[in-house]
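Notes follow once the structure below has been shown.
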Amino acid sequence: LGEGDILGVEAALTAPLGETLALELGGHYIDSEDNDGNALANIPAPEVFAVVAAQWSEWSARLRLGYRFSRGDVAPGESELDSARVLTASLSRQWRQLELTVWGRNLLDDDYRLSSDALSTTAPERSIGVTLSWRAAPG
């Protein structure tokens, strides 16, 4: 490929909903083509998302629902993408430099491919986990 065009838009908005809550909305759309009018490789499908985040004292919570649209205009050798709904959530508790997080990914258990690459795998199934992290004190 010697030349191609990529045109896209990405937007995000964060709005506070009181002292402890915030709403985030956003998404992206990308289109591409080479000199022959074919789609370029590795262009993601359009996506929109909404996030509700809460922060109070040592606790924080986050709930994100994303919707990836289907994409049929893919480069030669790539596979079309089906639409997907992806719900993630987390709840965290902070103790000084220590943080404990309980999280869930793909909570709706949608079966979807991660990218249009013909060798791409499907997204992991519903998963739930616990993360314990420590951060060094500043200074």
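The table that follows gives values for the structure above.
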item	result
Segment 1-119, relative contact order in percent, only Cα pairs under 8 angstrom and at least six apart counted	19 percent
Segment 80-99 and segment 1-61: distance between their alpha carbon centers, rounded to Å	16 Å
Net length gained if the chain between Thr20 and Val130 were fully extended (0.36 nm per residue, minus Cα distance)	37.3 nm
The chain: most fluctuating residue of Leu119, Leu63, Leu23 per GNM, C-alpha cutoff 10 Å	Leu119
Carbon and sulfur %, accessible surface of the chain computed with the full protein complex present, 1.4 Å	56 percent
Largest-first principal axis extents, alpha carbons of segment 32-74, Å	57, 15, 10
Cβ-derived FRET efficiency at R0 22 Å, Arg93 paired with Val52, nearest 0.05	0.75
Among Leu25, Leu81, Leu98: highest mean-square fluctuation, GNM of the chain, C-alpha pairs under 10 Å	Leu98
Size of charge dipole - the chain - debye, nearest 20, with Cβ of Lys, Arg +1 and Asp, Glu -1, no other charges	1140 debye
Residues of the chain: accessible area per residue with a 1.4 Å probe, Å²	68 Å²
Glu10/Asn38 FRET efficiency (R0 35 Å; Cβ-Cβ; nearest 0.05)	0.90
Range in the chain, longest, excluding exposed trypsin sites (Lys or Arg not before Pro) [loop by DSSP; at most 16 other beta-carbon atoms within 10 Å]	1-95
5 Å binning of all Cα-Cα separations within the chain, expressed as whole percents from 0 upward	2, 9, 14, 15, 15, 14, 11, 9, 6, 4, 1, 0
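The values are calculated or read from the model by the stated rules, or taken from the named source; none is laboratory data. Bear in mind the structure is a predicted one, so any value in this text is a computation, not a measurement. Every residue, glycine as well, gets a Cβ built from its backbone with ideal geometry; the counts of neighbours run over all protein chains shown. The accessibility values were calculated without ligands, DNA or RNA, using every heavy atom of the protein model including side chains. Shrake-Rupley method; radii C 1.70, N 1.55, O 1.52, S 1.80 Å.
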